[in-house]
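*Asks:* Input: one structure, supplied below.
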Amino acid sequence: MKMNEDLVAVHAYLCADGYVIKNSETQKQKYYMLGFRNTNLILLKDFQEKFEKVFGLKPYLIKGQRCRIGSKEIYEQLTKEFGSFYSWHWKMPELNEKLLKIWLRAYFDCEGWVFCKTHQNRHIGADCVNEKGINQIILSLESLGIKTIKKFNKKRKIYRIIIYGKENLLKFKEKIGFLHPEKVKKLEEVEKDFIVYEWDFPKKEKECKNFIKELLKRKIKIRRKKYVRIFSKEESNLVILSKLLKRLYKINSKVHKYVNGFGNIFYELNINKKEEIQKLINHDLIPNNINLEI
């Protein structure tokens, strides 16, 4: 079988959410079934169209459920060329860069997700029970310059890959992307979330105080009633805020750098002394019902 863009996508769909099966040898009446399960109509139609281009037969489409077709000839073609498509046994074919991107797109359209917790946790992930298959995906992504994290859930006995960090996520968007409309939208949301936002502190004292008060209402986090903190992706935001708190309210604070489990860098302004927190309360910058007993 000649590998082309259509066959590569069909192969990935079958590895991710598909099946290429026949009934037991002990049964007299034989049947051979190929199918692709998915609730998204765009993906179902894409599979249907590409399958027809490759094999000349059009699978029956059940909206919101699957595409399927029975064919001994196609079953034998696929299993002879690629081996098993069972969840634990499938493997990626050897592909050039162009076809590799298509395979990965189809696979992540099925098995992948996009997560965006603004300015904190943005990643693309995928779960799979097939360790050899997931290792191939990791190596394929690395060949495109996209780094990943691999994890194993012992309880569920499933492997997970996570793509994290601005550079890797934007490379995925540029080189692979999604056909699934909801994942396209979510990845665009991730990209927008990486836009650098610098806090624009007013120059006039009264306006600046009002700005700081509103900023703290939105940004401040109170930890166990013992200290308060404010996060930002931009260190300069917190450095300026710290200086203004000192100049306008005589409140001392410290700015620290942190790296989370996904390798994302962020900064924290921390106020942890009882007398400094009391100043925040006195200036109506945080609620006055905070218990300061430490």
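*Asks:* May I ask you to order 274-280, 100-106 by the average number of other C-beta atoms within 10 Å around their residues, highest value first? Mind showing how you got there, number by number?
*Replies:* Working: 274-280: 16.3, 100-106: 22.4.
Result, highest mean first: 100-106, 274-280.
*Asks:* Using +1 on the beta carbon of Lys and Arg, -1 on that of Asp and Glu, and nothing else charged, what's the dipole of the chain about the Cα centre, debye to 20?
*Replies:* Working: 61 positive and 36 negative charges, 286 e Å.
Dipole of the chain, to the nearest 20 debye: 1380 debye.
*Asks:* Which of Y164, Y267, Y197 ends up with the largest GNM mean-square fluctuation for the chain, with Cα atoms connected below 10 Å?
*Replies:* Y197
*Asks:* In a Debye calculation with equal point scatterers on the alpha-carbon sites of the chain and no solvent, what is log10 I(q)/I(0) at q = 0.10, 0.11, 0.13, 0.16 Å⁻¹?
*Replies:* Result of the Debye calculation: -0.68, -0.75, -0.90, -1.19.
*Asks:* Mind checking the full-extension length gain between M3 and C208? Use 0.36 nm per residue of separation minus the Cα-Cα distance, one decimal, nm. Before the final figure, lay out the partial values.
*Replies:* Details: separation 205, 0.36 × 205 = 73.80 nm, distance 6.31 nm.
Separation in residues times 0.36 nm, less the Cα-Cα distance, equals 67.5 nm.
*Asks:* Across region 1-108, what fraction of all alpha-carbon pairs, as a whole percent, falls in each successive 10 Å bin from zero upward?
*Replies:* 15, 50, 30, 5, 0
*Asks:* For the chain, what relative contact order do you get, as a whole percent, if you take Cα pairs closer than 8 Å and at least 6 residues apart? All intermediate terms of the calculation are to be shown ahead of the outcome.
*Replies:* Details: 455 pairs, mean separation 36.0, N = 294.
Relative contact order, the chain: 12 percent.
*Asks:* Give the residue from V184, I212, I195 lying farthest towards the positive end of the charge dipole for region 158-216; charges sit on Cβ (+1 for Lys and Arg, -1 for Asp and Glu) and the dipole is referred to the Cα centre.
*Replies:* Toward the positive end, the furthest listed residue is V184.
*Asks:* For the chain, build the charge dipole from Cβ charges (+1 Lys, Arg; -1 Asp, Glu) around the Cα centre, then report which of T148, L95, Y107 sits farthest towards its positive end.
*Replies:* Most positive-ward Cα: T148.
*Asks:* Then there is this: What's the extension gain from E94 to E198 if we count 0.36 nm per residue and subtract their Cα-Cα distance? Could you put the intermediate results ahead of the total?
*Replies:* Details: separation 104, 0.36 × 104 = 37.44 nm, distance 4.58 nm.
Length gained, E94 through E198: 32.9 nm.
*Asks:* Considering the dipole of the chain built from charges on the beta carbon (Lys and Arg +1, Asp and Glu -1) around the Cα centre, which of A16, Y159, F85 is farthest to its positive end?
*Replies:* Y159
*Asks:* Next question, about the same structure. Give me the Debye-computed log₁₀ of I(q)/I(0) at q = 0.15, 0.22 Å⁻¹ for region 98-190, equal point scatterers on Cα only, no solvent, two decimals.
*Replies:* Taken in order of the listed q values, log10 I(q)/I(0) reads -0.53, -1.15.
*Asks:* Report relative contact order for region 1-90 in percent, whole number only (criteria: Cα-Cα under 8 Å, sequence separation at least 6).
*Replies:* Answer for region 1-90 is 31 percent.
*Asks:* Can I ask one more? How big is Rg to Rh over region 205-282, alpha-carbon atoms, Rh as the Kirkwood inverse-mean-distance radius? Don't skip to the end; give the middle numbers.
*Replies:* Working: Rg = 12.5 Å, Rh = 13.0 Å.
Taking Rh as the inverse mean 1/r over Cα pairs, Rg/Rh reads 0.97.
*Asks:* Now, a different point. What is the packing order of peptides 27-35, 61-69, taking the mean over residues of other C-beta atoms within 10 Å and listing the highest first? Before the final figure, lay out the partial values.
*Replies:* Details: 27-35: 13.0, 61-69: 15.2.
Those peptides, ordered most packed to least, come out 61-69, 27-35.
*Asks:* Pairing the Cα long axis of helix 97-111 with the longest principal axis of the chain, what angle in degrees results, from 0 to 90 and rounded to the nearest 10?
*Replies:* 80
Values in this text are rule-based calculations from the coordinates and carry no lab data. Nothing here was measured: the structure is a model prediction, and the numbers come from that model. Glycine gets a Cβ as well: all are built from the backbone with ideal geometry, and neighbour counts include every protein chain shown.
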